[in-house]
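Written below as structure tokens is the structure these notes are about.
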Amino acid sequence: MSSTNFRDTDKLASIAKEFEKFKKEYHGQSPVISAIRTLIHFIEKSEGSTVNYLAEELKGTVEVLRTSTGKCKLAVVSASDQFIRFATLNLATIESEDMATCKKRIELEGGKYLRRCENSINRIIKRGVPFIFDGAKVLVHSDSRVVLAVLKAVSENIQFQVFITTSYPGDSQSAEVYRDKLCENSNIECQIIYDSEAASIMETIDLVLVGAEAVVKNGGIINKVGTLSLAICAKEMNKPMYVLAESFKFSLLYPLNQNDIPPEFRLDGAGKVRVDYTPPKYLTLLITDRGLLTPTAVCDELIEMYI
Amino acid sequence: MAAKVEKIPSGHSKSILPSVATPTPTTTTVTRKPVGQQKRIVSESQSKVQTLFDHVPQSMESSLLFSPTATDANKVHPLFYTLGLKYSHGSIQGSNQRCIALLRILSDYINTFVTLEGRAFRHDFATQLKINLNFLKKCRPFAVSMENAIEYFNSKCHGTSENLEQCEASIKSEWIDALQEYSEGIVKAKEAIVEKSMDKIKNGDTILVYGFSEVISDILIAVGKQGTVKFSLVIIGDRPLAQEKKGKGLEIVESIDENALISLTYTSITGLSNIIQSVTKVFLGAHALLTNGGVLAHVGTSQIALMASAHNIPVLVCCETYKFCDKSPTDSFFHNELGSGFGMIRSLKDKAEGLDLSIEVTEQEAEVIGSLQREGLLLTPVIKYDLTPPELVTAVITDVDILPCTSVPVVLRVQENRHLSSLRKS
């Protein structure tokens with residue numbers, strides 16, 4: 001029996017539980033993908049009789065997912081926005097049909113979107129691997145899943161070095177765990193450096209690779225605090241900075257400066273700054289599943305997605 | 001041979017030679033301008049010096065345009081005559097206002113238009129309209145918004161199918177409806193921009209605005225009305241002696257809610273470097289946005305954007321999408337307008353009504369300046385617009401969305417696709 005109020009606590013608790021379940025089950029993938037799965041799961045389970053009810057339920061579910069993630073909050077928000085957009089794209093044309101068909105259509109589109117998201121990391125790997133050449137010295141920041149995947153996918157013949165920043169604040173062990181994962185590959189030589197060292201070794205670095213928590217409308221990125229410093233340093237010393245990001249991270253935010261990042265994303269639980277905004281002028285290229293994009297092309301992609 | 005120092009006409013060698021007095025050429029030539037621009041009457045001695053601004057249109061002197069013996073006196077419809085007078089005199093300012101006024105007059109004209117005997121309605125209308133629009137251009141060169149509106153109207157005229165059975169009245173009502181929709185669209189676009197800009201102004205911000213822009217002033221009034229946000233306002237006015245009322249920007253002071261303002265500062269553009277340190281955001285209006293992302297706006301805008309950029313202050317430009325222009329600029333002069341006051345420095349004694357670009361000069365200085373001008377050696381250009389490169393602009397707030405400057409061509413492309421698909425359907 002469906003509860004009349006879709007925001008009641010039971011329902012919310014079940015959403016959160018489902019999300020955790022998916023995260024555990026697909027723990028190799030980004031939590032964002034598990035969030036999409038949760039959304040699809042709840043559409044299937046929904047017993048609403050009108051499209052509007054379904055849309056409201058979706059929005060409510062997104063709200064819950066927003067609050068129950070840490071690092072991926074921004075990506076969850078942007079992915080959910082895109083999902084709702086794709087899933088309900090053609091709904092206006094079939095409003096006359098019954099609810100069951102609508103639901104099926106949403107599930108179909110939603111499924112397509114999910115598969116695109118799952119596949120996105122493979123596309124990025126394919127596009128990103130050629131950037132690593134033999135003898136390269138790569139600087140990475142904040143344990144990014146995508147960067148890890150790309151670096152590990154580089155062919156065994158290519159020997160290169162990776163410098164990992166401690167990316168303080170955060171889990172103090174995360175840099176070491178990251179290093180161990182990378183060092184599993186015999187062709188990679190890893191080294192952990194302090195964040196403050198980054199500027200001094202920049203002269204020897206060949207390229208900087210970072211992930212992103214969100215890619216904003218003008219092609220800038222929001223990422224772990226410290227990314228901006230790396231970016232300015234790299235720009236000053238003419239080292240390329242590449243961002244590896246899936247397209248579900250393309251967000252509708254447009255911060256004008258650091259203060260303009262909504263505080264719910266910018267600060268962590270203790271009120272300290274967690275992320276910073278890197279303007280597009282410091283980024284060389286964005287390597288995404290939608291192609292190799294210059295920062296200015298991000299807006300074009302977003303317009304195409306949302307029109 | 002008397003070694004007389006004579007006044008050497010311009011264009012000749014500047015060395016003072018003892019020579020026989022040669023008559024200074026004083027023929028007045030009418031320089032033919034390419035089609036689309038109006039003729040400007042210049043004296044030959046001046047024409048050599050003005051090459052930098054030769055291609056920049058300027059409104060004709062109103063005394064020449066509106067005299068009873070002017071060539072257009074009989075051909076131009078009174079509606080357009082009145083509108084032209086308003087443009088020329090400057091009582092309608094701002095690209096939105098000018099565009100809306102034009103559309104209204106156009107609607108009235110369509111209503112009152114009576115086809116002459118023996119002529120086809122469309123053809124007759126088109127030719128008559130062209131005459132009227134050319135007259136308006138002489139009064140004041142068209143704004144980009146007006147050009148886009150006319151282009152839209154022309155496409156509507158040609159787009160409606162050549163259905164011979166469709167009577168004149170129904171065509172007229174179709175056109176009037178289209179124009180009505182377009183002007184409503186302009187107003188709605190402005191409201192959309194206001195809505196989108198509201199959350200960019202935060203509590204405690206110091207906002208800098210330049211001159212008077214309809215959109216910007218609406219945004220500030222709306223934020224003030226909302227009541228939740230208190231901000232400081234810095235208004236930059238034009239040069240101290242500039243004569244255009246619009247550049248002063250003081251109108252907004254009257255309409256804004258006092259309770260929303262923490263403080264209000266007014267200075268002219270010469271005081272910008274002093275005040276810029278305390279500013280947190282800059283809001284600028286725009287005349288047009290170009291394909292490469294450049295912003296065509298009131299002269300002085302690029303200076304403000306440059307200064308703000310140098311101090312790391314975000315620059316926001318508010319521009320409706322109907323002002324997006326399909327041109328690619330090479331410099332500020334490619335699409336500009338010379339203001340009145342061009343070529344005129346008047347002494348205190350010699351003030352003309354309403355054209356008071358006076359600087360303090362003594363009688364002697366006025367004499368020297370006057371003679372230099374007569375020989376075409378002194379140029380006082382007053383250009384109206386300048387170009388701000390896209391690197392200096394943080395974001396553009398349009399009625400569609402908040403976009404980076406470089407996305408203008410994408411919006412144009414999407415709009416064109418929509419327009420084409422709607423044409424295909426009709």
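The values are calculated or read from the model by the stated rules, or taken from the named source; none is laboratory data. Computed from a predicted structure; not experimentally measured. Here Cβ is always computed from backbone atoms with ideal geometry, including for glycine, and neighbour counts include all displayed protein chains. Protein only, heavy atoms only, side chains kept; ligands, DNA and RNA dropped before computing areas. Shrake-Rupley method; radii C 1.70, N 1.55, O 1.52, S 1.80 Å.
Structural remarks
- Measuring r between the beta carbons of residue A:196 and residue B:254 and using R0 = 56 Å, the FRET efficiency lands at 0.55.
- Of all accessible heavy-atom area on the stretch A:219-277, the percent that carbon and sulfur account for (1.4 Å): 54 percent
- Taking label positions 7 Å along the Cα-Cβ direction at both residue B:291 and residue A:168, the computed distance is 5.3 nm, reported to one decimal.
- Among residues other than residue B:206 with Cβ under 14 Å from its Cβ, the summed charge is +3 (Lys and Arg +1, Asp and Glu -1).
- Loop-located GluC sites (Glu not before Pro) across the stretch A:181-221 with a Cβ neighbour count of 15 or fewer within 10 Å are A:184, with loop assigned by DSSP.
- Pairs with C-alpha atoms separated by more than 25 Å, drawn from the list B:130/B:323; A:23/A:224; A:272/B:202; A:59/B:225, are A:59/B:225.
- In Å², nearest 10: area of residue B:324 left accessible to a 1.4 Å probe: 10 Å²
- Checking the Cα-Cα distances for A:281/B:190; A:24/A:249; B:86/B:172 against a 24 Å cut-off, the pairs over it are A:281/B:190; B:86/B:172.
- Ranked by solvent-accessible area (1.4 Å probe, protein heavy atoms only, all chains present), the residues B:279, B:414 order from largest to smallest as B:414, B:279.
- For chain A, modelled as a GNM whose springs connect Cα atoms under 10 angstrom apart, the maximal fluctuation among A:165, A:67, A:284 occurs at A:67.
- Accessible area, probe 1.4 Å, largest first, for residues A:237, A:202, B:198: A:237, B:198, A:202
- Counted by Cβ distance under 10 Å from residue B:96, the other residues give a net charge of +1, where Lys and Arg count +1 and Asp and Glu count -1.
- Those aspartates and glutamates that a straight Cα-Cα span of less than 14 Å connects to residue B:230, excepting residues fewer than 8 apart in one chain: B:199, B:205, B:257, B:258
- A convex hull fitted around the alpha carbon atoms of chain A yields 132 Å³ per residue.
- Per-residue SASA entry for residue B:397, accessible area with 1.4 Å probe, Å² rounded to 10: 0 Å²
- Accessible heavy-atom area order of B:321, A:101, highest first, probe of 1.4 Å: A:101, B:321
- Global form of the stretch A:150-213, assessed from the alpha-carbon gyration tensor, a/c cut-off 1.5: oblate
- Using alpha carbons only, the radius of gyration of the stretch B:60-113 set against its Kirkwood radius gives Rg/Rh = 0.99.
- Other protein chain Cβ atoms within 10 Å, averaged over every residue that makes up A:250-258: 3
- Within a straight-line Cα-Cα reach of under 19 Å, residue A:126 can be paired with the following aspartates and glutamates, leaving aside sequence neighbours fewer than 8 residues apart in one chain: A:118, A:134, A:156, A:246, A:289.
- Per residue, the average separation of C-alpha pairs within less than 8 Å and at least 6 apart gives the stretch A:67-188 a relative contact order of 19 percent.
- In Å², nearest 10: area of residue B:214 left accessible to a 1.4 Å probe: 50 Å²
- Remark: spin-label model distance residue B:383-residue B:199 equals 3.9 nm, labels positioned 7 Å along the Cα→Cβ axis.
- Three principal axis extents of the stretch A:258-307 based on alpha-carbon atoms, in descending order, are 37, 26, 19 Å.
- Note on B:389-398: average number of Cβ atoms from other chains within 10 Å of each residue's Cβ is 2.
- Volume per residue that the Cα convex hull of the stretch A:171-307 spans, once the total is divided by residue count, Å³: 130 Å³
- Sorted largest first, the spans of the alpha carbon positions of the stretch B:200-340 along the three principal axes are 43, 33, 28 Å.
- Label-point gap, in nm, between residue A:122 and residue B:415 - each point 7 angstrom along Cα→Cβ: 4.2 nm
- Summed over both chains, the contact between B and A buries some 1300 Å² of accessible surface at a probe radius of 1.4 Å.
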